[in-house]
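The values are calculated or read from the model by the stated rules, or taken from the named source; none is laboratory data. Predicted, not measured: the structure shown is a model, and the values here were computed from it. All Cβ positions, glycine included, derive from the backbone under ideal geometry; neighbour counts span all protein chains shown. Only protein heavy atoms, including side chains, enter the accessible area calculation; ligands, DNA and RNA are left aside. Shrake-Rupley method; radii C 1.70, N 1.55, O 1.52, S 1.80 Å.
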Amino acid sequence: MEFRTATRLDVPAVLQLLADDDISRARGFGNAPVAEDVDAAIWAAFEEIDADPNNELIVADDKGEVVATCQLTFTPGLSRLGARRMTIEAVRVRGDRRGSGLGSDFMAYALNRARERGCRIAQLTTDKRRDDAHRFYERLGFVASHEGMKLAL
């Protein structure tokens, strides 16, 4: 298993992972497009992530097959005496790979990236309906210390 930065060729597989989720489908994500159907906004988002040194789109590659993904964002801040933090978003492990230890290994990779980048805090949000995910993150040592809020714009 190789954990690496996603390339443009990985985008369709990443979209499939993001779409293969009941909560994502309820948000209107629907079926993932194939490469030629990926619209300009998605390609622009990928290009922006790829060009930004404070963002990493990561995939787990099993012999050429993308089986997990997440986005890591590194943020400097004045709070906590200038602590740099890493935010982990859009974590998905393919359904048939859950429970295999891949998720734990993938998160260990992400947390090592945070340490390498000088982060003192790793944070993430997870939908309140994802009880299995909450248990998973708690097993890794994450603490539900804050209440998150969103506002659609």
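Key figures for this structure:
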| read-out | value |
| --- | --- |
| Surface per residue (accessible, 1.4 Å probe) for the chain, Å² | 63 |
| 10 Å binning of all Cα-Cα separations within the stretch 47-137, expressed as whole percents from 0 upward | 15, 45, 32, 7, 0 |
| Under 5 Å, built H, 5+ apart or other chain: amide partners of residue 6 | 57, 58, 59 |
| Per-residue ³J(HN,Hα) for the stretch 66-76, Karplus 6.51 cos²θ - 1.76 cosθ + 1.60, θ = phi - 60°, Hz, x for Gly and Pro | 6, 10, 7, 8, 6, 10, 10, 10, 9, 10, x |
| Long-range HN-HN contacts of residue 124 with modeled amide H, under 5 Å | 88 |
| Whole-number D in µm²/s for the chain (Stokes-Einstein; Kirkwood sum over Cα pairs; 10 °C, 1.306 mPa s) | 96 |
| Distance in nm between pseudo-label sites at residue 40 and residue 143 (7 Å out along the Cβ direction from Cα) | 4.8 |
| Whole-Hz couplings from phi, Karplus 6.51/-1.76/1.60, listed for the stretch 114-121; x for Gly and Pro | 4, 4, 4, 8, x, 6, 10, 9 |
| Förster radius 25 Å - calculated FRET efficiency between residue 1 and residue 120 (Cβ-Cβ, nearest 0.05) | 0.35 |
| Whole-number percent relative contact order across the stretch 34-138, with pairs defined as alpha carbons under 8 Å at least 6 apart | 19 |
| Efficiency of FRET from Cβ geometry, residue 134 and residue 97, R₀ 22 Å, rounded to 0.05 | 0.70 |
| Listed peptides 47-55, 100-108 by packing density, highest first (mean Cβ within 10 Å) | 100-108, 47-55 |
